[in-house]
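Student: Provided herewith is a single structure, encoded as structure tokens, for subsequent inquiry.
The values are calculated or read from the model by the stated rules, or taken from the named source; none is laboratory data. Bear in mind that the values here come from a model prediction, so they are computed numbers and not experimental data. Glycine also receives a Cβ, built like all others from the backbone with ideal geometry; neighbour counts cover every protein chain displayed. Remember, those area values only see protein heavy atoms, side chains included, never the ligands or the DNA or RNA. Shrake-Rupley method; radii C 1.70, N 1.55, O 1.52, S 1.80 Å.
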Amino acid sequence: MHNLITLGEFIIKNQRDFPYAKGQLTNMFSAITLAAKVMNSQINKAGLVDELMGKVGTENVQGEEQKKLDVYANKLFINALKARNEVCGIASEEEEETIIFDNESAINGKYIFLIDPIDGSSNIEVNVSIGTVFAIYRRISPIGKPAILEDFLQTGRNQVGAGYVIFGSSTMFVFTTGNGVNGFTYDPSIGVFYLSHPNLKIPQDGNIYSINEGNYAYFSDNMKAYVNYCKEIDEASNRPYTGRYIGSMIADLHRNILKGGVYMYPNSQKSPQGKLRLLYECNPMALLIEQAGGMATNGQQPILDIEPTDIHERTPFYGGSMHMMEQLHKILHA
Ligand code: P6P
């Protein structure tokens, strides 16, 4: 058994690492973990509860079919965060526009959240891991007034916190506030998250590559060259690599952070800008990967340096073990 430290105790113990703590960060993380506990119970019985399974019959701003759990999770996380005075606004994959909290207490909130309530929702009905991913920024507009769009369009470097909840064989909460990455595993029998993966570091080398090879015909020649590189026989460089692609970015990236590997969702003829969204998928995952000692880029520059122009903009995404990423870039730029 690990020396049992709960999430709350961890935050108190590491106050110096949470420059914005003063209870604010604790309060915001408690909103996320509370929502995660509710999600955990709902996901585990989703197959039994018709209201949570299947499609809603509507589309989100991405033009993707909304699953009932997408809508449920979106409302749950928004309401949990709305109840915290620290948060003055939210951008969500499931909401076309930003949600600005303009009640008396919220306009004094210093933080904004960007969230993908359920990533990988197409896996819900087939019992495959899914997850929630979020980013936290300090607002740049003056306190005392409602948040504005510019608060949400900051580069990923400005994130004061980022994390994900993965609902898999166990439910885990993994986050960073800029001082390393720590993972907490949920014990549903007593409703507590315990520190199970302290100071997570992604191996510098790995042999797992994660990409949807069904799109191979649409890839650029250099992207095809890298996929072929992964499959060549070369014992000295531990190839061929192992292909692992779950269809849930968080699950693929979580495994690659633990074991080493590279996850790629490139731009292609089919997806000219890539598929993943910069603000509430790629930026938080890029911060976590960099904080764990890895690299995350759009093929040209670090994800965290991209200047956003739209809250739902997409970007090509390559992220994982440092040495694998360096080799990937060599081939992408050959
Ligand atoms: P494809 C899920 O919809 C997601 O955003 C990521 O979690 C996942 O890795 C990817 O898209 C799957 O997309 O086109 O390979 O089915």
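Student: Tell me which residues, restricted to region 246-276, are under 21 Å from ASN123 (Cβ atoms), surrounded by fewer than 23 Cβ atoms within 10 Å (Cβ to Cβ) and out of contact with any Asp or Glu (no Cβ under 7 Å at 6 or more places or on another chain).
Tutor: GLY247, ARG255, LEU258, LYS259, LYS270, SER271, GLY274, LYS275, LEU276
Student: Give the number of residues within region 87-110 that are over 18 Å from the mean Cα position of the chain (by Cα) and at pLDDT 90 or above. Give the derivation first.
Tutor: In the first step, residues of region 87-110 are kept if they are over 18 Å from the mean Cα position of the chain (by Cα); the result is 87-89, 96-110.
If we keep only those that are at pLDDT 90 or above too, we end up with 87-89, 96-101, 107-110.
Looking only at that region, the number is 13.
Student: Is it the case that ALA251 is outside any strand (DSSP E or B), more than 13 Å from the ligand (Cβ to nearest atom) and either at pLDDT 95 or above or on the phi < 0 side of the Ramachandran plot (or both)? Lay out the reasoning, then the answer.
Tutor: Numbers: outside any strand (DSSP E or B): yes; more than 13 Å from the ligand (Cβ to nearest atom): no; either at pLDDT 95 or above or on the phi < 0 side of the Ramachandran plot (or both): yes.
Spelling it out, it is not the case that ALA251 is outside any strand (DSSP E or B), more than 13 Å from the ligand (Cβ to nearest atom) and either at pLDDT 95 or above or on the phi < 0 side of the Ramachandran plot (or both).
Student: In this structure, does LEU279 turn out to be hydrophobic (A, V, I, L, M, F, W, C), open to solvent by less than 40 Å² (accessible area, probe 1.4 Å), within 17 Å of the chain's Cα centre (by Cα) and under 14 Å from VAL174 (Cα atoms)? Talk me through it step by step, then tell me what you get.
Tutor: Details: hydrophobic (A, V, I, L, M, F, W, C): yes; open to solvent by less than 40 Å² (accessible area, probe 1.4 Å): yes; within 17 Å of the chain's Cα centre (by Cα): yes; under 14 Å from VAL174 (Cα atoms): no.
So LEU279 fails the test.
Student: Cβ-Cβ under 7 Å, sequence separation 6+ or interchain: first residue in region 204-222 and in contact (Cβ under 8 Å) with a residue 40 or more places away in the chain and away from the ligand (no atom under 11 Å from the Cβ), partner open to solvent by 60 Å² or more (accessible area, probe 1.4 Å) and not polar (S, T, N, Q). Which pairs?
Tutor: Matching pairs, first to second residue: GLN204/HIS323; ASP205/HIS323; GLY206/LYS259; ILE208/ARG244; ILE208/LYS259; ASN222/ALA334.
Student: Another question about this same structure. Would you confirm whether or not region 302-318 contains a residue that is surrounded by fewer than 17 Cβ atoms within 10 Å (Cβ to Cβ), closer than 23 Å to ASP151 by Cβ, among the hydroxyl-bearing types (Ser, Thr, Tyr) and more than 16 Å from the ligand (Cβ to nearest atom)?
Tutor: Yes, some residue in region 302-318 is surrounded by fewer than 17 Cβ atoms within 10 Å (Cβ to Cβ), closer than 23 Å to ASP151 by Cβ, among the hydroxyl-bearing types (Ser, Thr, Tyr) and more than 16 Å from the ligand (Cβ to nearest atom).
Student: Would you check which residues across region 62-75 are surrounded by fewer than 19 Cβ atoms within 10 Å (Cβ to Cβ) and away from the ligand (no atom under 16 Å from the Cβ) and list them?
Tutor: Result: LYS75, single match.
Student: Let me ask you something else. Scanning for something of a type in the set (Val, Ile, Thr) and in a strand (DSSP E or B), does region 209-226 turn up at least one residue? Quick ask: steps written out before the conclusion?
Tutor: Within region 209-226, the first condition is being of a type in the set (Val, Ile, Thr), and the residues that meet it are 211.
Those left that are additionally in a strand (DSSP E or B): none.
Checked against the condition, which is being of a type in the set (Val, Ile, Thr) and in a strand (DSSP E or B), region 209-226 yields no hits at all.
Student: Given (1) within 29 Å of GLU307 (Cβ to Cβ); (2) in contact with a His (Cβ under 6 Å, 6 or more places away or on another chain); (3) not β-branched (Val, Ile, Thr), where does ASP205 come up short, assuming only one miss?
Tutor: So ASP205 meets the others, but not (1).
Student: A further question follows. Tell me yes or no: at least one residue of region 173-196 is in contact (Cβ under 8 Å) with a residue 24 or more places away in the chain, open to solvent by 40 Å² or more (accessible area, probe 1.4 Å) and not in a loop (DSSP other than H, G, I, E, B).
Tutor: Within region 173-196, one or more residues are in contact (Cβ under 8 Å) with a residue 24 or more places away in the chain, open to solvent by 40 Å² or more (accessible area, probe 1.4 Å) and not in a loop (DSSP other than H, G, I, E, B).
Student: Would you confirm whether or not region 139-159 contains a residue that is open to solvent by less than 10 Å² (accessible area, probe 1.4 Å), closer than 20 Å to ASN79 by Cβ, part of a helix (DSSP H, G or I) and aromatic (Phe, Trp, Tyr)?
Tutor: Taking every residue of region 139-159 in turn, at least one turns out to be open to solvent by less than 10 Å² (accessible area, probe 1.4 Å), closer than 20 Å to ASN79 by Cβ, part of a helix (DSSP H, G or I) and aromatic (Phe, Trp, Tyr).
Student: What number of residues in region 89-126 are part of a loop (DSSP other than H, G, I, E, B) and either of a type outside the set (Val, Ile, Thr) or within 16 Å of the ligand (Cβ to nearest atom) (or both)?
Tutor: 13
Student: Of the residues that sit in region 127-147 and are under 22 Å from VAL38 (Cβ atoms) and among the hydrophobic types (A, V, I, L, M, F, W, C), which one is farthest from the ligand (Cβ to nearest atom)? Full working, then the answer.
Tutor: Initial filter on region 127-147 (under 22 Å from VAL38 (Cβ atoms)): 127-136.
Going one step further and asking which of them are among the hydrophobic types (A, V, I, L, M, F, W, C), we end up with 128, 130, 133-136.
Details: VAL128: 11, ILE130: 8, VAL133: 9, PHE134: 14, ALA135: 15, ILE136: 20 Å.
Looking at the filtered set, the residue picked out is ILE136.
Student: Is there a residue in region 231-246 that is farther than 16 Å from LEU328 by Cα, within 14 Å of the ligand (Cβ to nearest atom) and touching a helix residue (DSSP H, G or I) at 6+ places or on another chain (Cβ under 6 Å)?
Tutor: yes
Student: State whether one or more residues within region 232-245 are surrounded by fewer than 22 Cβ atoms within 10 Å (Cβ to Cβ) and in contact (Cβ under 8 Å) with a residue 40 or more places away in the chain. Break it down stepwise before answering.
Tutor: Filtering region 232-245 for residues surrounded by fewer than 22 Cβ atoms within 10 Å (Cβ to Cβ) gives 232-245.
Now restrict to residues that are in contact (Cβ under 8 Å) with a residue 40 or more places away in the chain: none.
Checked against the condition, which is being surrounded by fewer than 22 Cβ atoms within 10 Å (Cβ to Cβ) and in contact (Cβ under 8 Å) with a residue 40 or more places away in the chain, region 232-245 yields no hits at all.
Student: What's the number of the condition ALA135 fails, among (1) open to solvent by 20 Å² or more (accessible area, probe 1.4 Å); (2) assigned to a strand (DSSP E or B); (3) farther than 18 Å from GLY8 by Cα?
Tutor: Every listed condition holds for ALA135 apart from (1).
Student: Do we have LEU279 as over 22 Å from LYS330 (Cβ atoms), touching a residue at least 60 places away in the same chain (Cβ under 8 Å), in a helix (DSSP H, G or I) and more than 12 Å from the ligand (Cβ to nearest atom) here?
Tutor: Working: over 22 Å from LYS330 (Cβ atoms): yes; touching a residue at least 60 places away in the same chain (Cβ under 8 Å): yes; in a helix (DSSP H, G or I): yes; more than 12 Å from the ligand (Cβ to nearest atom): yes.
Yes, satisfied.
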